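Each remark here refers to the structure printed beneath this line.
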Amino acid sequence: MVDITVRPMVAADADRVLAIYQAGLDAGNASFEITAPTWAAFDTARLSAHRFVAVGGDRTALGWIAVTPTSTRPVYAGVVEHSVYVDPAAQGRGIARLLLDELITSTEAAGIWTIQSGVFPENTASLTLHQRAGFRVVGVREGVGRHHGRWRDVVLLERRSRVIT
């Protein structure tokens with residue numbers, strides 16, 4: 001993947017990041033959300049030290065990854081939930097794996113011991129990606145939320161650091 005690099009996300013990436021986010025939402029199997037947030041809301045909700053974009057040779061963002069804290073309680077300071085999105089035109093090139101590997105390196109360096117995520121069971125590409133990256137299925141929340149008028153299940157995944165114990 002010579003033409004793809006991963007770098008920290010910056011405010012100048014906002015339009016592209018939110019467009020990729022919206023494309024994922026529009027596809028229907030990425031999130032219960034239906035509309036990407038404003039940049040201000042996105043920026044406030046996600047930890048700035050663990051936000052990355054994958055860019056092509058022309059420096060256009062092709063995908064992004066970011067984390068949110070799972071709780072404000074100190075005991076959960078080492079647990080985050082992540083999201084990873086790739087432009088539909090760039091899928092199948094290993095971009096999500098590059099982003100996920102960078103995130104794992106970043107979070108472990110910061111003392112974060114668990115990365116978790118919720119994935120719709122129909123999103124088999126995401127489930128495969130996560131399992132190959134060392135995530136395990138914790139369980140399935142059945143009919144946990146309504147999405148476009150129907151109840152959806154969510155597969156809970158987590159990756160525990162092998163470095164931080």
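Every number in this text was worked out from the coordinates using simple rules, so none of it is lab data. For clarity, every value in this text was computed on a predicted model and none was experimentally measured. Don't worry about glycine lacking a Cβ; one is built from the backbone with ideal geometry, like all the others, and counts go over all protein chains shown.
Can you give me the P(r) profile for the chain? Cα pairs, bins 10 angstrom wide beginning at 0, each as a whole percent.
P(r) over the chain, rounded to whole percents: 10, 40, 40, 10, 0.
What full-extension length gain, to one decimal in nm, is calculated for VAL138 and THR68 as 0.36 nm per residue of separation minus the Cα-Cα distance?
Numbers: separation 70, 0.36 × 70 = 25.20 nm, distance 1.90 nm.
Fully extending the segment from VAL138 to THR68 adds 23.3 nm.
What residues qualify as long-range amide H neighbours of LEU62, i.e. H under 5 Å apart, gap of 5 or more or another chain, H built at 1.01 Å from N?
ALA54, VAL55, GLY56
Just want to confirm a number: the relative contact order over the chain, from Cα pairs under 8 angstrom separated by 6+ residues, in percent.
Numbers: 285 pairs, mean separation 32.8, N = 165.
Across the chain, relative contact order equals 20 percent.
Convert 10 °C to kelvin, take the viscosity as 1.306 mPa s, use the Kirkwood radius over C-alpha pairs of the stretch 91-155 as Rh, and evaluate the Stokes-Einstein diffusion coefficient in µm²/s, rounded to a whole number. Kindly include the intermediate steps, with their values, before the conclusion.
Working: Rh = 13.3 Å.
Translational diffusion coefficient: 120 µm²/s.
Over the stretch 1-71, what is the relative contact order in percent, taking alpha-carbon pairs closer than 8 angstrom and at least six residues apart?
Values: 81 pairs, mean separation 27.4, N = 71.
This gives 39 percent for the stretch 1-71.
Determine, for each peptide in 146-156, 119-129, 94-104, the mean count of other beta carbons within 10 angstrom over its residues, then list the peptides with the highest first.
Numbers: 146-156: 13.1, 119-129: 16.3, 94-104: 20.5.
By packing density, highest mean first, the sequence is 94-104, 119-129, 146-156.
Extension gain ALA12-ALA89, at 0.36 nm per residue separation less the Cα-Cα distance, in nm?
On the way: separation 77, 0.36 × 77 = 27.72 nm, distance 2.11 nm.
Stretched out fully, the ALA12 to ALA89 stretch lengthens by 25.6 nm.
Taking the Cα-to-Cβ direction at THR128 and at GLU33 and moving 7 Å from each Cα, how far apart do the two end points lie in nm?
It works out to 2.6 nm between the two label points.
Taking the Cα centre of the chain as the origin and placing charges on Cβ (Lys, Arg +1; Asp, Glu -1), which of GLY57, ILE34, VAL80 is farthest toward the positive end of the dipole?
Value computed over the given set: VAL80.
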